[in-house]
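A quick write-up on the structure given underneath.
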Amino acid sequence: MEQITVVVLGGTQESALQRLNELGPGVNLKHVEKAADIGPDLAESRVLFQWAGNREELKHILAGAPKLEWIHGRYAGLDAILCPELIESSVPLTNGRGSFSQSLGEFVMCGALYFAKDLPRMLRSKAARHWDTFDVLELSQQTMGIVGHGDIGRAIARRAKAFGMKVLAVRRDVSPRAGDEDVDQIFANADLHKMLPLCDYVVAAAPLTPQTRHMLSTAEFAAMKASAIVMNVGRGPVIDEAAIIKALEEKQIRGAALDVFEVEPLPKESPLWGMDNVLISYHTADHTKDWLDDAVSLFLEQFKRWRNGQPLKNVVDKRAGY
């Protein structure tokens, strides 16, 4: 039987990766923490499961693996590994799109409810043992605007629509696609400023590319309602962090719910820590109990398709970055 060398880069201590024994017969599994540790097996490698690593690691593998036929990245976001060598390579790249979207969609609804029902005020009043009656907002009377209507954006839209919200979305390609049934209006990227003033909640769910870096910055916050809530469950640098801090301090927007940041971990000196109108998650909104197992399950499914000559899912447009 032909031996297929599969390299797993990173995560050598992750118990979920023990399931890779399910890849089947004829697989030579090489699990290393660093690309430099692969050794002679690199030249025979046909599949790379990129559990961790960076651009330099990928460059090393591409330079020494002439038989490489497929790379699978664990995460949906690929900005940490996309390099010119990978983009120019003919080796197909797939990602973890879909494995984490449902939980991220739930976090967005959590953030919306957190502000609509004013949970911070409830908690302050409870701590003070103060019987505090006040009016709350109804999500069914509000509008959710999604910046980046990919897999995560579609998961958000489904949940927002289930709450009876009006849903708007902005994306690069406005041609019809699956998931549009949950959106009331699609805007092109160039029309972002037409959408923003209509939204009670603005959610960044876009991948990080040169075009999306700081897509939400000073001008965008100025275009929003003063009552708007900004959320980020995509990539940290899609939001200009200095600009959102200024907008929050100056009450240009009401609040924010942030799972990702420009620098992680969020530096202790960041003003965001001390703001009572900011809900902070720690890049853990997609860390469900089984999230690592889900990532392995997707690779196992993909490997079966690759071995059987079937089309792979989640093939990335490397030039677009997603």
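Structure notes:
- Residue satisfying all of: in region 211-229; touching a residue at least 40 places away in the same chain (Cβ under 8 Å) and assigned to a loop (DSSP other than H, G, I, E, B); surrounded by the fewest Cβ atoms within 10 Å (Cβ to Cβ) among these: MET215
Conditions tested, residue by residue: (1) aromatic (Phe, Trp, Tyr); (2) within 24 Å of ASN232 (Cβ to Cβ); (3) surrounded by fewer than 21 Cβ atoms within 10 Å (Cβ to Cβ).
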site	(1), (2), (3)
GLU85	no, no, yes
LEU104	no, yes, no
LEU113	no, yes, yes
ALA116	no, yes, yes
ARG129	no, no, yes
GLY153	no, yes, no
ARG158	no, yes, yes
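- Residue list for region 307-317, filter: out of contact with any Leu (no Cβ under 6 Å at 6 or more places or on another chain) and in contact (Cβ under 8 Å) with a residue 60 or more places away in the chain: ARG307, LEU312, LYS313, ASN314, VAL315
- On the stretch given as region 21-39, residues that are touching a residue at least 12 places away in the same chain (Cβ under 8 Å) and farther than 12 Å from GLY53 by Cβ total 10.
- A residue that is closer than 28 Å to ARG213 by Cα and of a type outside the set (A, V, I, L, M, F, W, C) cannot be found anywhere in region 289-312.
- Residues located in region 31-68, provided they are outside any helix (DSSP H, G or I) and more than 28 Å from the chain's Cα centre (by Cα): ILE38, SER45, ALA65, PRO66, LYS67
- Taking the criterion of being exposed (fewer than 15 other Cβ atoms within 10 Å of the Cβ) and on the phi < 0 side of the Ramachandran plot, the residues of region 34-56 that qualify are LYS34, ALA36, ASP37, PRO40, ALA43, ASN54, GLU56.
- Residues satisfying the stated conditions in region 88-97, i.e. touching a residue at least 12 places away in the same chain (Cβ under 8 Å) and over 20 Å from the mean Cα position of the chain (by Cα): SER89, VAL91, PRO92
- Exactly one residue out of GLU301, GLU262 is part of a helix (DSSP H, G or I) and acidic (Asp, Glu): that is GLU301.
- For region 103-110, the count of residues that are among the acidic types (Asp, Glu) and in contact with a Ser or Thr (Cβ under 7 Å, 6 or more places away or on another chain) is zero.
- Output for region 40-64, where each listed residue is in contact with a helix residue (DSSP H, G or I) (Cβ under 8 Å, 6 or more places away or on another chain) and either outside the structural domain of ASP294 (by TED's automatic domain parsing) or touching a residue at least 40 places away in the same chain (Cβ under 8 Å) (or both): SER45, VAL47, LEU48, PHE49, GLN50, TRP51, GLY53, GLU57, ILE61
- Scanning region 137-196 for residues that are basic (Lys, Arg) and on the phi > 0 side of the Ramachandran plot turns up nothing.
- Residue match in region 244-253 (condition: charged (D, E, K, R), in the same structural domain as THR209 (by TED's automatic domain parsing), more than 21 Å from the chain's Cα centre (by Cα) and in a loop (DSSP other than H, G, I, E, B)): yes
Residue-wise test of (1) closer than 16 Å to PHE100 by Cβ; (2) touching a helix residue (DSSP H, G or I) at 6+ places or on another chain (Cβ under 6 Å); (3) β-branched (Val, Ile, Thr).
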position: LYS225; (1), (2), (3): no, no, no
position: VAL260; (1), (2), (3): yes, yes, yes
position: ALA285; (1), (2), (3): yes, yes, no
position: ASP290; (1), (2), (3): yes, no, no
position: PRO311; (1), (2), (3): no, no, no
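- Test: residue in region 126-144 that is more than 19 Å from VAL202 (Cβ to Cβ), of a type outside the set (Asp, Glu) and under 21 Å from the mean Cα position of the chain (by Cα): no
- Looking across region 93-123, the residues that are assigned to a loop (DSSP other than H, G, I, E, B) and out of contact with any Lys or Arg (no Cβ under 9 Å at 6 or more places or on another chain) come down to PHE100, LYS117, ASP118.
- Qualifying residue in region 15-25 (condition: outside the structural domain of VAL136 (by TED's automatic domain parsing), assigned to a loop (DSSP other than H, G, I, E, B) and modelled with pLDDT of 95 or more): no
The values are calculated or read from the model by the stated rules, or taken from the named source; none is laboratory data. Predicted model, so just to flag it, every value in this text is computed and none were measured. Cβ atoms come from the backbone with ideal geometry, glycine included; neighbour counts cover every protein chain shown.
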